[in-house]
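Since every read-out is calculated from the coordinates, none of them should be taken as a lab result. A quick note: this is a predicted structure, and the numbers were derived from the prediction, not measured. No Cβ is skipped: glycine too gets one built from the backbone with ideal geometry, and neighbour counts run over all protein chains shown.
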Amino acid sequence: EPWKLRPADDIGSTALGITVLVSGFTGVNQATPVQELQVTGTGGIGFPRGTTAQRLASPTIPIIRANNEYGGTEIYDPSKGQWYRYSCTSSPTFTVGASAGTGASAGIVAGTGSNDLTGVFSVTTGTSPGTGTYVTATFSFAFDGTTTVVMITPANDAAMTASNLWRRDVQSNTGFTLRGVGLTASTTYQFNYQVMQ
């Protein structure tokens, strides 16, 4: 038979251990917990960690866990039937589009701590930039669900001055694009991005 801890049981003698009140409130290093689970200490609480494939198949309650594929924490919302990425260390890739002009380049701005959720990217236009896709961003790992909401704002003066000549175009759970209309040649534009589900 499995070992069980009943309400009003107390484990630990000379020091606090695990306490379960009659209400069912449980304390770890806490003799008088005031909620369902109360942990007292200075170290931390370790969460389950695994790959996307190792998620619980059909959760019916909110779940929090670490995902070691993209190096972050995720939360499951049973009312939406979807996992939400709360943090991550993986970063998107940025590919320059033909409309940015001959010799154009794009990428993450170094030293900004950019990842799949938030960061700064740049595009340096080449000769004769036109109208169309200047940059395509591809997330390292697709977000759960089918869509994301991506906000892009200017990160340098060039992007701010030309804010009427560019916009976020396509957005999905795998990436987004930046569309430009005749931006100035041989100029570096920097943009902040933030991804929400």
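A few points about this structure:
- The fewest-to-most ranking of Leu117, Leu37 by surrounding Cβ atoms within 10 Å reads Leu37, Leu117.
- Short-range pairs are left out: with C-alpha atoms under 8 Å and at least six residues apart, the relative contact order of the stretch 47-121 is 20 percent.
- Assuming charge only on the beta carbon of Lys and Arg (+1) and of Asp and Glu (-1), the dipole of the chain about its Cα centre is about 300 debye to the nearest 20.
- Euclidean distance between Cα centres, the stretch 131-164 to the stretch 53-89, Å: 25 Å
- Restricting the calculation to Cα atoms, the chain yields a radius of gyration followed by a Dmax of 24.1, 78 Å.
- Chain lengthening between Lys80 and Thr174 when straightened (0.36 nm per residue, less Cα-Cα): 31.9 nm
- Legend: translational diffusion of the stretch 20-125 by Stokes-Einstein, Rh = Kirkwood radius over C-alpha pairs, 20 °C, 1.002 mPa s; D = 122 µm²/s.
- With the simple spin-label model, which puts each label point 7 Å out from Cα in the Cβ direction, the Asn68 to Gln197 separation comes to 2.0 nm.
- Cα shape, the stretch 101-197, gyration tensor, a/c 1.5 rule: prolate
- Modelled spin-label separation between Glu36 and Ser163, with each label point placed 7 Å from Cα along the Cα-to-Cβ direction: 4.4 nm.
- Between Thr188 and Thr112, the simple label model (points 7 Å from Cα in the Cβ direction) yields a spacing of 1.1 nm.
- Segment Thr131..Val181, full-extension length gain: 17.6 nm, with 0.36 nm per residue of separation and the alpha-carbon distance subtracted.
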